[in-house]
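Have a look at the structure below before the remarks.
Values quoted throughout were computed directly from the atomic coordinates according to the rules given, and no laboratory measurement underlies them. Quick caveat, the model's predicted, so the values are computed rather than measured. Cβ placement follows ideal geometry from the backbone for every residue including glycine, while neighbour counts extend to all protein chains displayed.
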């Protein structure tokens, strides 16, 4: 692809690094931005800069937040004795959209995947175990996607929690095996949370 401007070429190269954005789509987006008022492009650039420099991770659950403690963890109406373990913020958003869950969350930041070089030490597992050992948590809900990596991560955490009095459950298999939580419809996901089953039972199925 030949460019008449090095600045245009650089902008397209950076834009094409986004997931699902090829060079042609990147060029179309960049040319669109050039046609917009300068203020709009400047506001977009400022929003992205703030996203990188000011975004925080909640010190309690590792959810993305504007403050040290996210809105969910700081909400006094949430059930603090129940923690739903998810992979990332997209899963938090998906479950929140169901309006069926009133507990707290714990965001792992990924799943155990030896093929991708991701081990337990690279995830937020230790802080979850420490939280449980403090004795205030009554139930852990495993809400990872029904994939090999998700099941492996669930089982690893389950073994780490052995010896504690915490109840462990997993979302009902209304979510098809291999499906990602963020793509499940709200009704199905809501029912899966409400009709969760003991984790030990899922090991036998």
Pair residue 78, residue 34: separation of 7 Å Cα→Cβ label points (nm): 4.5 nm
Return 105, 156 ranked ascending by Cβ neighbour count within 10 Å, so the fewest neighbours appear first. 156, 105
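How far, in nm, would the chain grow between residue 164 and residue 100 when pulled straight, counting 0.36 nm per residue and subtracting the alpha carbon separation?
Between residue 164 and residue 100, full extension yields an extra 20.4 nm.
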Contour minus end-to-end for residue 134 and residue 47, with contour as 0.36 nm per residue of separation and end-to-end as the Cα-Cα distance? 27.4 nm
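In what sequence, highest mean first, do 63-72, 1-10 appear when ranked by Cβ atoms within 10 angstrom?
Peptide ranking by packing, descending: 63-72, 1-10.
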Between residue 10 and residue 23, what is 0.36 nm times their sequence separation minus the Cα-Cα distance? Round to one decimal in nm. 3.6 nm
Computed P(r) (all Cα pairs; region 6-54; 5 Å bins; percent): 4, 21, 23, 28, 19, 5, 0
Where only alpha carbons of region 31-156 are counted, the Rg and the Dmax (Å): 17.7, 58
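Please work out the FRET efficiency for the pair residue 93 and residue 3, using the Cβ-Cβ distance as r and a Förster radius of 41 Å; give the result to the nearest 0.05.
On the way: r = 37 Å, r/R0 = 0.91.
Efficiency at R0 = 41 Å is approximately 0.65.
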